[in-house]
1. Counting only residues that are touching a residue at least 40 places away in the same chain (Cβ under 8 Å) and more than 19 Å from Arg241 (Cα to Cα), which one in the range 32-60 is farthest from the chain's Cα centre (by Cα)?
2. Looking at the range 5-31, I want the residues that are in contact (Cβ under 8 Å) with a residue 24 or more places away in the chain and have a partner that is surrounded by fewer than 16 Cβ atoms within 10 Å (Cβ to Cβ) and of a type in the set (Phe, Trp, Tyr) with Cβ atoms under 8 Å, at least 6 apart or on another chain. Which pairs are those?
3. What number of residues within the range 176-206 are in contact with a Lys or Arg (Cβ under 9 Å, 6 or more places away or on another chain), surrounded by fewer than 17 Cβ atoms within 10 Å (Cβ to Cβ) and part of a helix (DSSP H, G or I)?
4. Which of the strands (runs of 3 or more DSSP E) contained wholly in the range 81-155 include at least 1 residues that are within 19 Å of Met49 (Cβ to Cβ) and without any contact (Cβ under 8 Å) to a residue 60 or more places away in the chain?
5. In the range 158-175, what residues are of a type outside the set (Ser, Thr, Tyr), assigned to a helix (DSSP H, G or I) and under 22 Å from Cys42 (Cα atoms)?
6. Every residue in the range 279-296 that is surrounded by 11 or more Cβ atoms within 10 Å (Cβ to Cβ) and at pLDDT 70 or above, please.
7. If you scan the range 138-182, which residues turn out to be among the β-branched types (Val, Ile, Thr) and touching a helix residue (DSSP H, G or I) at 6+ places or on another chain (Cβ under 6 Å)?
8. Do any residues in the range 234-249 that are surrounded by fewer than 19 Cβ atoms within 10 Å (Cβ to Cβ) have Cβ atoms under 7 Å from those of residues that are of a type in the set (D, E, K, R) and part of a strand (DSSP E or B), where the two are at least six apart or on different chains, and which pairs are they?
Amino acid sequence: MSQKVKVGVAAISMEPVSIEQRRQDILELIERASAAGCQLVCFPEFVQMQRTTEAMADVETGCDDVYARYAEPVPDGPTSKQIARACREHGLWAAYGITERRSDGQVTNSIVWIDEAGQLAGRHAKTHLAPGEDGEGGISAGGELLPLSTPFGRVGVMTCYEIYFPEIARVHQAKGADWFFYPHADNQPKCLDVARVRAFDSRMPLIVCGYVWPEKSIADGPTGTALIDAQGDVVARSENRQMLLVVELDPHDRPTEAARWDRPNDRVDARSFRWSRRRPELYGPLLEGGSEKPSQ
């Protein structure tokens, strides 16, 4: 049975603005999502500081740990407080990326979920860090892959660089995820193709939430936002400008059957058919040689 959820997916511009203006943009997009009848509004990775004038100025002067420098506590930091208040006022959920300073002083690249009452509902700390985040970047990797239970189904988060590791999608699938959320700050157009593969392989829908870059062509700029269905097809995509893409997500509208290639009249379960044919006894090298460089 269809259980569609109206979701607002925020395409944030890479055009530099101050941190305060970015927070105002976030609040305005939450208000727009509410006016459009959305139950959930999504924002990309690092949304509190990505391409802000303050962060860019620090990068230009040679600051390595810019991510850590602009980290905020959750849920008591200024960005999280404002988002929580807006969720409570408008009665919707929000998911957003932030560099989070934990109580132990560590900084994580977190995707935070706030419910309609303005309460912290969950978080995902990025487990596979991109070059520049770890080490001098000052970010610590998360250590858990667990789908988040929401009124909109169980969500498997893959933050930016994590999309390039198919094992993460498989773990979320094995743990009962219904759909994927892919917030990122990647500037490679091909990341949309990778996201389509993850959706197709897992037979579940995926929401892409990234940035737009108006001064570049859509072919050369960041992905922006998109809804990908369980067949791996792009259902909707943002324009190359800051905007709210409103989509209808049905977490349970997944292909239930498919034709066998050799006997088209025979139908098989589209999700479990390939999963049941996995051969884990052959996959040992993925664990045994996990830290070794693959052979050329």
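1. Initially, the range 32-60 is screened for residues touching a residue at least 40 places away in the same chain (Cβ under 8 Å), giving 32-34, 36, 38-51, 56.
Now drop any that are not more than 19 Å from Arg241 (Cα to Cα), which leaves 34, 38-40, 56.
Details: Ser34: 20, Cys38: 18, Gln39: 17, Leu40: 13, Met56: 23 Å.
Residue satisfying both the conditions and the ranking: Met56.
2. none
3. Number of matching residues: 1.
4. Numbers: elements: 93-101, 107-114, 120-125, 148-150.
Here the list reads 93-101, 107-114, 120-125.
5. Looking only at the range 158-175, we keep the residues that are of a type outside the set (Ser, Thr, Tyr), and these are 158, 160, 162-163, 165-175.
Checking which are assigned to a helix (DSSP H, G or I) leaves us with 160, 162-163, 166-174.
Matches in the range 158-175: Cys160, Glu162, Ile163, Ile168, Ala169, His172, Gln173.
6. Tyr283
7. Quick first cut of the range 138-182, residues among the β-branched types (Val, Ile, Thr) only: 139, 150, 155, 157, 159, 163, 168, 171.
Listed by number, the residues that qualify are Ile139, Ile163, Ile168.
8. Close Cβ pairs satisfying both conditions: Val246/Lys6; Glu248/Lys6.
The values are calculated or read from the model by the stated rules, or taken from the named source; none is laboratory data. Bear in mind that the values here come from a model prediction, so they are computed numbers and not experimental data. Virtual Cβ from ideal backbone geometry, glycine too; neighbours counted across all protein chains shown.
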